[in-house]
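One structure is given here, and the rest of the page talks about it.
The values are calculated or read from the model by the stated rules, or taken from the named source; none is laboratory data. The shown structure was predicted, so the numbers you read here are calculated from the model rather than taken from an experiment. Note: ideal-geometry Cβ built from the backbone for every residue, glycine included; neighbour counts use all protein chains shown. In case anyone asks, the SASA skips ligands and DNA or RNA and just uses the protein heavy atoms, side chains included. Shrake-Rupley method; radii C 1.70, N 1.55, O 1.52, S 1.80 Å.
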Amino acid sequence: MPGTASNQKSKASEAVYVFGSDLGGTNDKETAAFAVLVHGADASNASGPSGNAYAIPYRDSSRNLLPLEVITNYVDTLLNYVEENQQITFQVARFGCESEAHDDEAMARLFSKAPKNCQLPGRWTRILDPKQAGRLLVFDPGAHLIEEKWQARLRQYLSLNAPLWNVPSVEIVSVGQARAIVANEAGAKSLGLKHRVFGPNEAYYGKNAQMAAENKAIWYSTHLLSMFDFEITAQPQQIRLMSIATRSGLTVEQLDTQLID
């Protein structure tokens, strides 16, 4: 097995990033490109650890989708590696679920016996544990949730939608500007909900810190609610978040702030 996965940047360590690769070692798509860009993965390494990352092939050298039974062998090798390295945390990216690939349930089941130091995407943990709360990433650049009328609107939104999601509870997730995070905290507190914040780790990610925080927030979440404010106009971050969330399989919805007096 080539290389050794390790938290190279010990002063600001991050989990070992587990991503989907192809046997040709191209690693220029989605999670693989992210692994190369920010986690120091070897672009030519098709399987196993390199940098602060770990590659799991799910496509062959011609980028044809591998059967689940073949991917299972690579996943089992990873899980043995995780078990042998209990002192290290591993973050498994959502992979193998893009269009015309395997579905989330099939991929999640491959990780059903993952050790506790192996963290899975929010979509997959919901599949494996129906008792998990729904994780709602709220993007609110106008910080509307600081206001009671918007807290009431969020309460109404959840009362209508949470039963459809079939979740026992909901957790609010935040990423982005401080004022929006403060507003989300006020909204979560008013509804008695847990609140998880993903902040940028600049010491590890450098100039890519905000992008990495957004990716991790989406990875953790199961749903995205975007507050669209015409007075602020559509921000690049809003467009980026909605695009990544859609590709990541999240349920994405939008509320127009002009609909509230």
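Figures for the structure shown
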| quantity | calculated |
| --- | --- |
| Any chance ASP28 is in contact (Cβ under 8 Å) with a residue 24 or more places away in the chain and of a type in the set (Asp, Glu) | no |
| Pairs where the first residue, in region 157-177, is free of Cβ contacts under 8 Å to residues at least 60 places away in the same chain and the second is of a type in the set (Ser, Thr, Tyr) and surrounded by 16 or more Cβ atoms within 10 Å (Cβ to Cβ), C-beta under 6 Å, 6+ apart | VAL173/SER221 |
| Residue count, region 94-126 (criterion: more than 21 Å from VAL16 (Cα to Cα) and surrounded by fewer than 21 Cβ atoms within 10 Å (Cβ to Cβ)) | 9 |
| Conditions (1) open to solvent by less than 40 Å² (accessible area, probe 1.4 Å); (2) of a type in the set (Gly, Ala, Ser); (3) closer than 26 Å to ARG240 by Cβ; number of the one not met by GLY40 | (1) |
| Pair list, Cβ under 9 Å, 6 or more apart: region 46-58 residue over 15 Å from LEU110 (Cβ atoms), other residue surrounded by fewer than 21 Cβ atoms within 10 Å (Cβ to Cβ) and among the basic types (Lys, Arg) | ASN52/LYS9 |
| Helices (runs of 4 or more DSSP H) fully within region 79-183 counting 3 or more residues that are touching a helix residue (DSSP H, G or I) at 6+ places or on another chain (Cβ under 6 Å), within 17 Å of THR222 (Cα to Cα) and modelled with pLDDT of 95 or more | 104-109, 122-128 |
| Residue selected from region 13-34 under the condition of a type in the set (Asp, Glu) and in a loop (DSSP other than H, G, I, E, B), by the criterion farthest from ASN52 (Cα to Cα) | ASP28 |
| Flag for SER61 being over 22 Å from ALA217 (Cα atoms), open to solvent by 20 Å² or more (accessible area, probe 1.4 Å), of a type in the set (Gly, Ala, Ser) and out of contact with any Cys (no Cβ under 7 Å at 6 or more places or on another chain) | yes |
